[in-house]
Amino acid sequence: MGKGKKGGKRLTKKQLTEKLLNLFQSHPDEVLSFKDIFHMLHLDTHPLKMLAIDVMEEMAWDDYLMKIADNKYQLNTKGQLLEGTFIRKTNGKNAVKPDNDETPIFVSERNSMFALNGDRVRVALLARRKNHIREAQVLEILEHSKNTIVGRLHVGKDLAYLVTPNNIYSHDIIIPKRKLKGGKTDDKAVVKITQWPSAEHKDMLGEVVDILGATGDNDVEMNTILAQYGLPYIYPKNVEEAANQITGEITEKDLAEREDFRDVFTCTIDPKDAKDFDDALSFKELDKGLYQVGVHIADVSHYVKEGSVIDKEAYKRATSVYLVDRTIPMLPERLCNFICSLRPDEEKLAYSVIFNLDDEANIKAYRIVHTVIKSNHRYAYEEVQQILEDNGVIDGTGEPAPKAPKDGYKGENADVLIMLDRLAKKLRANRFKNGSVKFDREELHFDVDEKGKPTRCYFKRSHDANKLIEEFMLLANKTVAESIGKAGRAKKAKVLPYRVHDNPDPTKLETLREFVVKFGYKLKSTSTKGATARSLNKLMEEVSEKPESTMIQMVALRAMMKAKYSVHNIGHFGLAFDYYTHFTSPIRRYPDTLVHRLLTRYAEGGRSVNEKRYEELCEHCSDMELVAQSAERDSIKYKMVEFMGDKLGEVYDAHISGITSFGIYAEIDENHCEGMVPMRDLQDDYYDFDERNFCLIGRRRHHKYQLGDAIKIQVARTDLEKKQLDFTIYDENRENKKNKR
């Protein structure tokens, strides 16, 4: 065959378009990659392949195809009518996020039908103009996301209205003065919408349902954050009354039905300010080189019965919420801090996983049983860490304490704690060897005074004492999941809520691979989960002490999927576990309570529960977890702005922590507060956003701002209401010139 004839008869663009149309129509539900398409249409010359790619790009532009990834397409079977969630933006660039599609579609204000943020809407795709993005028009508001809105009151002579955060609504929420409930100007209030905007009346009408208090008061601002996310800021009286009627008395029947661990050494290890102790460890040497380690978890399901008023409230909340200066518990205080909490020197009911472990932390036997325990000691992480370090442990090395000197280890119960630490380090090493991903992320922490004002802002690092507890909790969660999920041959596993974590996004992983090459690192393209994780871990080790480590870790984290709850087990990529659930925190997580109930049911010979119903429960818990995380982030942002409020004009060393099309995020090295340098303040040039390489590039001077770069910033603006902290780039030379004038 002569040159250029490899693919047989040459195809025109029209002929190739027809072939592609027929191909996608004959595979309507399949996602086809370039490789699939080239093979199926016998396109084996480079020009034909390039032409096919161009044609598919045009077909996607015309909404005939859906672009699933850079190299994957699928027939658009959704047509021109879609349903989705409306996203309202303060800059007017609204969008709708279609169901089961990650890509939002632009909706102009004139086509929004006054939809509000989070509303469920039906939209029509508009005919696409040449060289313009896809647009949609709202046809119908199917469901308003919420009927209460939180904001700041402005009470005038004739009328009152609500000022919302970021002024996200296009029209004011007007409140008749008789509906103010005593609210005054600058009070934070929860307002119920009584009239939605429409073509006839663009304004919203509302009435005050709760006055939270004066703007600026710490309690008011924290409750405002909770109310904005629809999270409860007070506990219902009937639920507290139901909790107060629970005595917590342990009966003879309870003791008869449980294994007795009251005489086995048991301790809790928690943060020093913790009040709810939902896990404890017991330890006993069984034989030379064989140890019994008990992971004991508060038996919440013994007290919180399915369908009870306490259970309904716990389900609604689904999780405890941790704001900077307070915890909003899932359970009433009497239960979470007293009856269920594994407090020292008190007999408590627990649900436990009892392990027999050898010197290498291999499981020789285990059992999952209801127990009664009595904690001998309540340790704070810092106390255990001190005992470990006093006996030769060097934090973070992964090495256990050296052999005990002749007079023994120093510190109360040091022998037990050191052995638990040694076993935990064996478990941890095995976990990473098997492909667990190693991201040592630090948590931002604030010290606050009695009025809630932040006095210090810093990163809290996880030490060996934290990791000791973490490893045994992971082991218990994994073991419980395997006990149900690993059904025998030809048997279907019974329903259980799993904690699942999907494989990384392949496109984002490829972006990471291309990105790290520029710094001289390699990330292998692999097909197996374990190999991908090992490649990521190798990369993290190589960059750990390098200036670019923060930047590369950020890009790597963006490739990770979010963990969630589901009865459909796909394993947990980050931990490299085929089976994983949440069993160890029923005081603060509802899925753990569900797991406890199902374990009890199945141990008693009960049938499997309804899969569909439990998947709906899992979805609710996953959704509420995301809502709680958003509220927690907002409380951190608020405290950051409050902390920096008296530091206007001050100059700090910082590094670039994020790059967007509208500016640069920078994190101050000294206190880890993060703010933004808006694009409008980069006045030395016009900058283009290079999304693939995480940088801004100046058009004239070609100056580059790259993720992770060290910069000097000056604090320019603080806005507590919007939770915004604005910086400017500090140019020493420009300042010196200014001062010489």
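Here are a few things to note about the model shown:
- Within the stretch 290-326, the set of residues being open to solvent by 10 Å² or more (accessible area, probe 1.4 Å) and in contact with a strand residue (DSSP E or B) (Cβ under 7 Å, 6 or more places away or on another chain) comprises Leu290, Tyr291, Gln292, His302, Thr319, Val324, Asp325.
- Yes/no for Asp719 being within 27 Å of the chain's Cα centre (by Cα) and surrounded by fewer than 15 Cβ atoms within 10 Å (Cβ to Cβ): yes
- Residues that are open to solvent by 30 Å² or more (accessible area, probe 1.4 Å) and part of a helix (DSSP H, G or I), drawn from the stretch 534-593: Arg534, Lys538, Glu541, Glu542, Thr550, Gln553, Met554, Leu557, Arg558
- Tallying residues that are over 26 Å from Leu226 (Cβ atoms) and of a type in the set (Asp, Glu) within the stretch 171-210 yields 2.
- Val627 touching a Leu at 6+ places or on another chain (Cβ under 8 Å), open to solvent by 30 Å² or more (accessible area, probe 1.4 Å) and over 17 Å from Leu444 (Cβ atoms): yes
- Consider the stretch 401-446 and keep the residues that are open to solvent by less than 70 Å² (accessible area, probe 1.4 Å), closer than 30 Å to Glu670 by Cα and in contact with a strand residue (DSSP E or B) (Cβ under 8 Å, 6 or more places away or on another chain). The one that is modelled with the lowest pLDDT is Leu444.
Matching residues to (1) in contact (Cβ under 8 Å) with a residue 24 or more places away in the chain; (2) under 30 Å from Pro400 (Cα atoms); (3) open to solvent by less than 60 Å² (accessible area, probe 1.4 Å); (4) aromatic (Phe, Trp, Tyr):
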{"residue": "Leu335", "(1), (2), (3), (4)": "yes, no, yes, no"}
{"residue": "Phe338", "(1), (2), (3), (4)": "yes, no, no, yes"}
{"residue": "Arg343", "(1), (2), (3), (4)": "yes, yes, no, no"}
{"residue": "Glu347", "(1), (2), (3), (4)": "yes, no, no, no"}
{"residue": "Ala350", "(1), (2), (3), (4)": "yes, yes, yes, no"}
{"residue": "Phe355", "(1), (2), (3), (4)": "yes, yes, yes, yes"}
{"residue": "Asn362", "(1), (2), (3), (4)": "no, yes, no, no"}
{"residue": "Ala380", "(1), (2), (3), (4)": "yes, yes, yes, no"}
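- Of the residues Leu281, Leu286, the single one that is farther than 13 Å from Ser341 by Cα, part of a strand (DSSP E or B) and open to solvent by 30 Å² or more (accessible area, probe 1.4 Å) is Leu286.
- Scanning the stretch 464-507 for residues that are modelled with pLDDT of 95 or more and assigned to a loop (DSSP other than H, G, I, E, B), we see that the one that is surrounded by the most Cβ atoms within 10 Å (Cβ to Cβ) is Pro497.
- Subset of the stretch 22-56 [part of a strand (DSSP E or B) and crowded, with 16+ Cβ neighbours inside 10 Å]: Leu32
Yes/no per residue for (1) open to solvent by 30 Å² or more (accessible area, probe 1.4 Å); (2) over 22 Å from Met222 (Cα atoms); (3) assigned to a helix (DSSP H, G or I); (4) in contact with a Phe, Trp or Tyr (Cβ under 6 Å, 6 or more places away or on another chain):
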residue: Arg597; (1), (2), (3), (4): yes, yes, yes, no
residue: Thr600; (1), (2), (3), (4): yes, yes, yes, no
residue: Arg607; (1), (2), (3), (4): yes, yes, no, no
residue: Tyr614; (1), (2), (3), (4): no, yes, yes, no
residue: Lys639; (1), (2), (3), (4): no, no, yes, yes
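- Selection of the stretch 660-675 for residues being buried (at least 21 other Cβ atoms within 10 Å of the Cβ) and either of a type in the set (A, V, I, L, M, F, W, C) or farther than 14 Å from Gln724 by Cβ (or both) yields Ile664, Ala666, Ile668, Cys673.
- Failed condition for Val191, given (1) in a loop (DSSP other than H, G, I, E, B); (2) more than 19 Å from Thr319 (Cα to Cα); (3) open to solvent by less than 20 Å² (accessible area, probe 1.4 Å): (1)
- Residues located in the stretch 219-238, provided they are under 20 Å from Ala631 (Cβ atoms) and in a helix (DSSP H, G or I): Asp219, Val220, Glu221, Met222, Asn223, Thr224, Ile225, Leu226, Ala227, Gln228
- Considered as a group, the residues in the stretch 384-400 that are charged (D, E, K, R) and touching a residue at least 12 places away in the same chain (Cβ under 8 Å) include one that is surrounded by the most Cβ atoms within 10 Å (Cβ to Cβ), and that residue is Asp395.
The values are calculated or read from the model by the stated rules, or taken from the named source; none is laboratory data. Everything quoted here is computed from the prediction, not taken from an experiment. No Cβ is skipped: glycine too gets one built from the backbone with ideal geometry, and neighbour counts run over all protein chains shown. Protein only, heavy atoms only, side chains kept; ligands, DNA and RNA dropped before computing areas. Shrake-Rupley method; radii C 1.70, N 1.55, O 1.52, S 1.80 Å.
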